[in-house]
Amino acid sequence: MSAMSATEIPLSRFVEGAQEVFEEVRKTGAKLITNGQEKPCVMMTAEEYMKLVDDLADRELELLAAERLAHPDKGKWYTMEEVMAEFGITEQDLEAIGDVEIE
């Protein structure tokens, strides 16, 4: 969803018929609530909001990973053996877990 795809809803219509606006948001997507020339808020479903938050978090992690890969000298790198030793993990521990699916 982009900000450009949100339909504008005047605040007066929202106040008069909030339930109708809620239903319209569920059916057709985000709405930009307007008050004259101001655009004080966006109304969207909880699912749309959570997807937006998740997508933003994913993008921030992508940017962090790209920055770290672009400048590998800006921090300490750890081998798998070092991490396993730090947390007391053995090869047998890993084998006991088996295959893990990462999304």
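General observations
- Among residues of the range 29-43 that are in the same structural domain as residue 10 (by TED's automatic domain parsing), those with a beta-carbon under 6 Å from a residue that is surrounded by 17 or more Cβ atoms within 10 Å (Cβ to Cβ) and among the aromatic types (Phe, Trp, Tyr) at least six positions away or on a different chain give the pairs 33/14.
- On the stretch given as the range 1-58, residues that are at pLDDT 80 or above and under 30 Å from residue 103 (Cβ atoms) total 23.
The values are calculated or read from the model by the stated rules, or taken from the named source; none is laboratory data. Just so we're clear, the structure is a prediction, and the values are computed from it rather than from any experiment. Cβ sites come from the backbone with ideal geometry, for glycine too, and all protein chains shown count toward neighbours.
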